[in-house]
Every structure is written in C-alpha cells, then in structure tokens.
1. Given the -39500 (n - 2.57) contribution per DSSP H run of 4+ residues, what per-residue ellipticity at 222 nm results for the chain, rounded to the nearest 500 deg cm²/dmol?
2. For the stretch 23-126, which trypsin sites (Lys or Arg not before Pro) are both in a DSSP coil and crowded by at most 15 other Cβ atoms within 10 Å?
3. Please give the peptides 147-158, 130-141 ranked by average Cβ packing (other Cβ atoms within 10 Å per residue), highest first, as a rough proxy for protection.
4. Placing unit charges on C-beta atoms (Lys and Arg positive, Asp and Glu negative, everything else neutral), compute the dipole magnitude of the stretch 15-146 about its Cα centre in debye, rounded to 20.
5. Percent antiparallel among DSSP beta bridges with both residues in the chain, to the nearest 5?
6. How far is the Cα center of the stretch 12-70 from the Cα center of the stretch 134-182, in Å?
7. Given 0.36 nm per residue, what is the gain on full extension from Tyr21 to Leu48 after removing their alpha carbon distance, in nm?
Amino acid sequence: TDNWATQGGGQIFSYGPLIQYDTKDYQFHPSKGWLSEFGLITAKEGILSDATYTKIHFDIRQYYSLKTDHIIASNMYFGNIWGDVPFSELFYYGSGKRARGYADRRFKDRTIMIVQSEYRCPLWRWIGGVLFGATSAVGDGTSDLFNNRFRWSGGVGLRITLNEKDRVRLRLDYAISEEGTN
C-alpha cells in the first residue's frame, strides 16, 4: 500500500472465480435457505493493473423461519488479502450491510471477520421490526486479526413493505456501537 500512496492512484484489473450456492426462497427479504459465496480475486501488475495482490473471501448466510414472518438471519464473513493492495481494495466494515452502527467503511484492513445476526418479526399490517447485532474485527493478517479486539454493534429497525409479491421492503435502522450511533 505504500507504493500506492506515493503513486497517487492507478488502475486495477482483477479477475478470478466467484462461486455461489443459493437456496434462498426470495431474492429480497428471504425467510429460509442459505447463501454461501467463495471468491478468489487476483490482480497482476502489468496485466491492465498497477498492483499485484490476491484476495479471498467467504460469505455464509442462513435464513431460518421460526414461524410465519418470524425470521432469524445470520451471516459470517471472512476475507484475507496478500500482496501490494491499494487502500481502496481493503476489506471494511461499517456500512448498511456490515456491522451497522459504525461510520461507513470506518475500519479497513487486509483481513476481516464479521459475525452478525438479526431477528425479523411483524409489528402491524405492512410494518415489520428487526433486532440486530454484530461483532467484527480487522487486522493486517489472520494472526493479527485474533490479536485485535472484536468490536460490537447492534440496534433496531423497521421494515415497511413496498411490494409484498417480491418482498421489497424499505429499511430504516437505528444502530449503536462503542463509537456512538448511526
């Protein structure tokens, strides 16, 4: 990453397989099934890229229906990078999908682990509620990841049904972390 800081940017061309196994019942707001994803991405300097690095990630999500419209959604995400990776390509958490409660892309590094879960339930007619929590950490490498402190976040939210047939929801979340609210 030091080379990228002194170069003032550059271009990236990365390639590699992305393998998914998806048994979710719906694309949006699933109530049962799995989504497992494995990615192996490589960039090589000189092949339309100014950096050389390899990036892997595992993303495993499970959706379990306790009873009608009462759903538990869980997610485990792990990633690691080797090589001269630019800052823009580092793994991060702090976003609407990864550890809500922290500022967008608040923590970035070469290695990441996130474990998060949420409970979804109906509240009134076309309004649903959600309770969520996460623990996450980043580090310079796999061993460093487990030496760093895992950080927590959690919160509550509303889901407003916009299209019942396709299960499209408007999502409003209020999250807290050790750094405040988002």
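We did not get these values from a lab; they are worked out from the coordinates using the rules stated. Keep in mind it's a predicted model, so treat the numbers as computed, not measured. Because the Cβ atoms are built from the backbone with ideal geometry, glycine has one as well, and the counts that use them run over all protein chains shown.
1. -1500 deg cm²/dmol
2. Lys32, Lys44, Lys97, Arg105, Arg125
3. My ranking of the peptides, most packed first, is 130-141, 147-158.
4. Values: 15 positive and 14 negative charges, 123 e Å.
So the dipole magnitude of the stretch 15-146 works out to roughly 600 debye.
5. Within the chain, antiparallel bridges account for around 100 percent of the total.
6. Using only Cα atoms, the two centres lie 17 Å from each other.
7. Details: separation 27, 0.36 × 27 = 9.72 nm, distance 3.04 nm.
Extra length available between Tyr21 and Leu48 comes to 6.7 nm.
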